[in-house]
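The values are calculated or read from the model by the stated rules, or taken from the named source; none is laboratory data. Note that the structure is a prediction, hence the values are computed from the model and not measured. Cβ placement follows ideal geometry from the backbone for every residue including glycine, while neighbour counts extend to all protein chains displayed.
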Amino acid sequence: CTNQGLMALRAAVYLAAMGPEGLRRVASLCLQRAHYARQQLAARARLEPVFSAPTFKEFVVRVPGGQVERLLEAARQRGILAGVPLRRWYPQWQDCLLVAVTEKRTKAEIDRLVEVARMQTGKVAPAAGDRGSLGDGDQCEER
């Protein structure tokens with residue numbers, strides 16, 4: 001297929017441009033931001049992680065009260081893709097959402113997602129100084 005060749009070329013160019021250190025930095029950003037999002041969604045919006053194992057970029061949360069569609073619609077109205085509902089593929093996870101966070105997401109974007117989720121679940125926001133940190137000075141490294 002022609003597209004396979006183009007995708008392989010694109011991947012090769014990206015990897016060559018990033019180099020080993022750049023790839024390590026991107027991986028670290030993905031890990032930090034996904035961890036931050038998971039922690040904030042649990043602490044501030046009652047979206048509990050389904051699995052306790054370490055994750056990288058993606059994690060599954062349980063949305064209380066069967067409000068998955070309501071949360072997704074509220075996020076969609078604010079231009080946020082909150083995640084993928086898992087019930088279509090896993091009927092036992094009717095109230096679960098797969099959330100993905102990459103290096104492209106900023107702390108502000110993650111905080112917006114958390115705020116939308118918090119509004120849907122009715123969880124009270126913590127004091128301003130109790131919001132957590134990305135661990136990288138809350139700065140987004142731009143390429």
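Quick one: count up the residues across region 58-75 that are out of contact with any Cys (no Cβ under 9 Å at 6 or more places or on another chain) and not in a helix (DSSP H, G or I). Let's see the steps before the verdict.
Keep residues of region 58-75 that are out of contact with any Cys (no Cβ under 9 Å at 6 or more places or on another chain), which gives 58-59, 64-67, 69-75.
Still in the running and not in a helix (DSSP H, G or I): 58-59, 67.
Looking only at that region, the number is 3.
Residues in region 76-90 that are under 18 Å from Glu48 (Cα atoms) and part of a helix (DSSP H, G or I): how many? Spell out how you get there, then give the answer.
Applying the first criterion (under 18 Å from Glu48 (Cα atoms)) to region 76-90 yields 82-87, 90.
Right, trim to part of a helix (DSSP H, G or I) and you get none.
So the answer is 0.
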Report the residue count in region 52-69 for those that are within 23 Å of Cys30 (Cβ to Cβ) and over 15 Å from the mean Cα position of the chain (by Cα). 2
Is there a residue in region 13-25 that is over 21 Å from Arg105 (Cβ atoms), touching a Leu at 6+ places or on another chain (Cβ under 9 Å) and of a type outside the set (Ser, Thr, Tyr)? yes
Considering region 63-73 alone, what residues qualify as being surrounded by fewer than 17 Cβ atoms within 10 Å (Cβ to Cβ) and either of a type in the set (Asp, Glu) or at pLDDT 95 or above (or both)? Glu69, Glu73
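Being surrounded by 14 or more Cβ atoms within 10 Å (Cβ to Cβ), among the hydrophobic types (A, V, I, L, M, F, W, C) and in a helix (DSSP H, G or I) narrows it down to one of Ala34, Ala16, so name that one.
Ala34
Out of region 41-94, which residues are free of Cβ contacts under 8 Å to residues at least 40 places away in the same chain, among the hydrophobic types (A, V, I, L, M, F, W, C) and in contact with an Asp or Glu (Cβ under 7 Å, 6 or more places away or on another chain)? Even if it seems obvious, please write down each step before you answer.
Here is the first cut: in region 41-94, the residues free of Cβ contacts under 8 Å to residues at least 40 places away in the same chain are 42, 48-49, 51-56, 60-62, 66, 68-69, 72-73, 76-92, 94.
Remaining after also requiring among the hydrophobic types (A, V, I, L, M, F, W, C): 42, 51, 53, 56, 60-61, 68, 72, 80-82, 84, 86, 89.
Answer for region 41-94, where residues must be free of Cβ contacts under 8 Å to residues at least 40 places away in the same chain, among the hydrophobic types (A, V, I, L, M, F, W, C) and in contact with an Asp or Glu (Cβ under 7 Å, 6 or more places away or on another chain): Ala42, Val61, Val68.
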